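Just below is one structure, and these are the notes that go with it.
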Amino acid sequence: LFRSTKELEFRGREGNAHANIAKLEEGEVPILLWRISAEDEKRLDVYEGYPTYYDKELMEVEVEGKQYEAMLYRMQPGYERNLPALSYYQTIESGYQMLGFPEEFLQKAVLKAAEEQETEAVCEQQLE
């Protein structure tokens with residue numbers, strides 16, 4: 001479990017939002033570190049929509065007392081918090097279960113997206 005000023009969230013189009021790691025004053029998010037080649041990174045860049053949809057960021061992480069520099073994809077600004085597609089959510093949920101990550105991080109991200117959408121819907125109704 002990586003404790004930092006980060007939080008899992010879903011951003012993107014309604015019903016098709018994708019995972020993002022948000023910066024916060026305080027928070028935590030579980031992460032999995034992979035060692036990848038330059039060729040792997042090029043393939044991931046295409047898959048993740050870099051640099052249009054996601055940008056890349058370097059961060060320091062500590063694992064078993066050792067410091068590592070890790071790269072993560074962070075969503076570009078301008079995408080609203082929204083709900084992911086069910087199949088996308090289930091894929092991430094399956095990964096969390098397989099890795100033994102606490103699922104409350106995933107559930108919290110979905111609840112925040114749902115709350116934000118509900119608030120927007122109420123505001124739109126009041127404006128009509």
With angles folded into 0 to 90 degrees, how steeply does helix 38-48 sit against the dominant principal axis of the chain? Use alpha carbons for both and round to 10. 10
Under a cut-off of 19 Å between alpha-carbon atoms, report the lysines in cross-link reach of Lys108, not counting same-chain residues fewer than 8 places apart. Lys6, Lys23
With each run of n ≥ 4 DSSP H residues scored as -39500 (n - 2.57), what mean residue ellipticity at 222 nm is computed for the chain after dividing by its residue count and rounding to the nearest 500 deg cm²/dmol? -12500 deg cm²/dmol
Please state the relative contact order of the chain as a whole percent: Cα pairs under 8 Å, 6+ residues apart? 29
Heavy-atom accessible area ranking, 1.4 Å probe, most first, across Arg35, Arg81: Arg35, Arg81
Helix 86-99 axis, angle to the chain major axis (alpha carbon atoms, nearest 10°): 40
To the nearest 20 debye, region 33-109 has a Cα-centred charge dipole, built from +1 on Lys and Arg Cβ and -1 on Asp and Glu Cβ, of 160
Enter the accessible area per residue of the chain (Å², integer; probe 1.4 Å; all protein chains in place). 70
Ranked packing of 84-94, 39-49, most packed first, by mean Cβ within 10 Å: 84-94, 39-49
How many percent of the accessible area of region 32-109 is carbon or sulfur, using a 1.4 Å probe? 54
Expected sort for 61-70, 7-16 on mean C-beta neighbours within 10 Å, highest first, is 7-16, 61-70
In terms of the ratio Rg/(2.2 N^0.38 Å) built on C-alpha atoms, what value belongs to the chain? 1.14
Please determine, in degrees from 0 to 90 and to the nearest 10, the orientation of helix 104-127 with respect to the longest principal axis defined by the Cα atoms of the chain, where the helix direction is its Cα long axis. 30
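The values are calculated or read from the model by the stated rules, or taken from the named source; none is laboratory data. Small disclaimer: the values here were computed from a predicted structure and weren't measured. Methodologically, a virtual Cβ is constructed for each residue, glycine included, from the backbone with ideal geometry; neighbour enumeration extends over all protein chains shown. These accessible areas exclude ligands, DNA and RNA; they are computed on the full protein's heavy atoms, side chains included. Shrake-Rupley method; radii C 1.70, N 1.55, O 1.52, S 1.80 Å.
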